[in-house]
Every structure is written in C-alpha cells, then in structure tokens.
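Here's the structure we're looking at; comments come further down.
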Amino acid sequence: MAGLHAFTWLCTVIICMAHVCSMPTNCRLQKRLIKECHNILEKMGDRFPLHCLEGSVLVPFPETAFQFNTSQQAVALEKTIYLTLTNIYSLFDEDGVPEQWKNVELFQNIIDRQIEENQCIMNKSQDSQEDFLRREKALKEYFDKILTILKEKNFQVCGWEFVRKEVLITLQFILNKDLEGVLISSRG
C-alpha cells in the first residue's frame, strides 16, 4: 500500500512539473516569436510595389531607443521592446489591412500573445526612469509618424506596404541586436 501511495505521489509530482514546464514564460519576451512575426510579415505580401515608391516618405528609425550598453539598461530595453510590440499591434488593429495579405490574423495573435504574457515587464523597476522616458518618447514619435502616413495614404495598399516595410525594419533591428538577458532565445 505504501508503494502505491509513493507511486501516486510521484506521478502527481511529474504531472505538475510537466504542466508548469509547458506553461508560457511570463515577463520574458521570446526571440523565437519575434522572428516568427518577422517571417510572417515578410511573406504576408509581395515585394514593395514600385508604384508606391512615388511620394514615399523617409521615417528615421529610432535606433537610440534600443541602445543597450550596460546591464542596467536591460529593463529599459525590455520595456522598449514591449512598447514596440504594443505599437505594432495597434497599427495592425487599424481597419483596411489589404485583403490579399496572408496570415494577418496569425501575425496579430503572436504579437498579442507576447503582449498579454509580458504585461508585467512594465512593472519592473529600472535604474533610470529618465532613460526609459527618452526611449518611450522616441518610439511614440516614430509610430505616430507611421500612423500619420498610413492615414495620409487613406489606409490604401501603399500606406499598408509602408507600414509593413517599417515594421519589418523594426523587428529585424530587434532580432539583430545582441539582447542576451533581454529576450529568451528558445522556448516551445
């Protein structure tokens, strides 16, 4: 009888461990999911249409918002990436996404998953609030410009292609940075 009780207890522990290990990791952005979003977005439409080059606008990427020189800046960078994802989600939540784009909903779901699972990032404290506020301001200006251009182009295909191009640049920049300790490199 004692052997059966021990076996039952051991099985319960194994089941609980399996459940905990399969749960999503909170407060850690997943590089794999950002890469998946980039890949989906890249394949979502064709190449940037040549006719959209006419009247194209240059919006400087806010590279300074993603500076990462010391481990003290890790939390501010995490928050910056989190805010970037929320801004991207907001852009794609606008009406008028081209019908011919593939997997828009999947893209939105993955972004939403990262946002939902990592809301707690915004509660982390960092050494310099001023550093984060500077990053937040640069991101806001960047995404406001993108949204303004989308509106100026009346949410037509060229406006959306511009959004897609800018978001691809943003995601690729994040993926190319050495963000050890900020992004989880692997997770199923």
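The values are calculated or read from the model by the stated rules, or taken from the named source; none is laboratory data. Owing to the predicted nature of the structure, the values given are computational and were not obtained by experimental measurement. With ideal geometry, Cβ positions are generated from the backbone for all residues, glycine too; neighbour counts draw on all protein chains shown.
Taking residues in the range 87-107 that are within 22 Å of ALA138 (Cα to Cα), and partners anywhere that are exposed (fewer than 13 other Cβ atoms within 10 Å of the Cβ), the pairs with Cβ atoms closer than 9 Å and at least 6 places apart or on different chains are GLU94/LYS151.
Conditions (1) at pLDDT below 85; (2) part of a helix (DSSP H, G or I); (3) touching a His at 6+ places or on another chain (Cβ under 7 Å), marked per residue:
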residue: ALA6; (1), (2), (3): yes, yes, no
residue: MET17; (1), (2), (3): yes, yes, no
residue: ILE34; (1), (2), (3): no, yes, no
residue: ILE40; (1), (2), (3): no, yes, no
residue: GLY55; (1), (2), (3): yes, no, no
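Of all residues in the range 143-155, those that are closer than 15 Å to LYS165 by Cα have Cβ atoms under 7 Å from Cβ atoms of residues that are surrounded by fewer than 16 Cβ atoms within 10 Å (Cβ to Cβ), 6 or more apart or on another chain, in ILE149/VAL57; LEU150/GLU94; PHE155/GLU94; PHE155/ASP95; PHE155/GLY96. Out of ASP144, ASP112, one residue alone is in a helix (DSSP H, G or I), modelled with pLDDT of 95 or more and either touching a His at 6+ places or on another chain (Cβ under 7 Å) or surrounded by fewer than 13 Cβ atoms within 10 Å (Cβ to Cβ) (or both). It is ASP144.
Among the residues that make up the range 91-99, is at least one of them among the β-branched types (Val, Ile, Thr), over 25 Å from GLN67 (Cα atoms) and surrounded by fewer than 16 Cβ atoms within 10 Å (Cβ to Cβ)? For the range 91-99, residues among the β-branched types (Val, Ile, Thr), over 25 Å from GLN67 (Cα atoms) and surrounded by fewer than 16 Cβ atoms within 10 Å (Cβ to Cβ): absent. Within the span defined as the range 118-140, one or more residues are closer than 20 Å to LEU58 by Cα, surrounded by fewer than 16 Cβ atoms within 10 Å (Cβ to Cβ) and either among the small types (Gly, Ala, Ser) or out of contact with any Cys (no Cβ under 9 Å at 6 or more places or on another chain) (or both).
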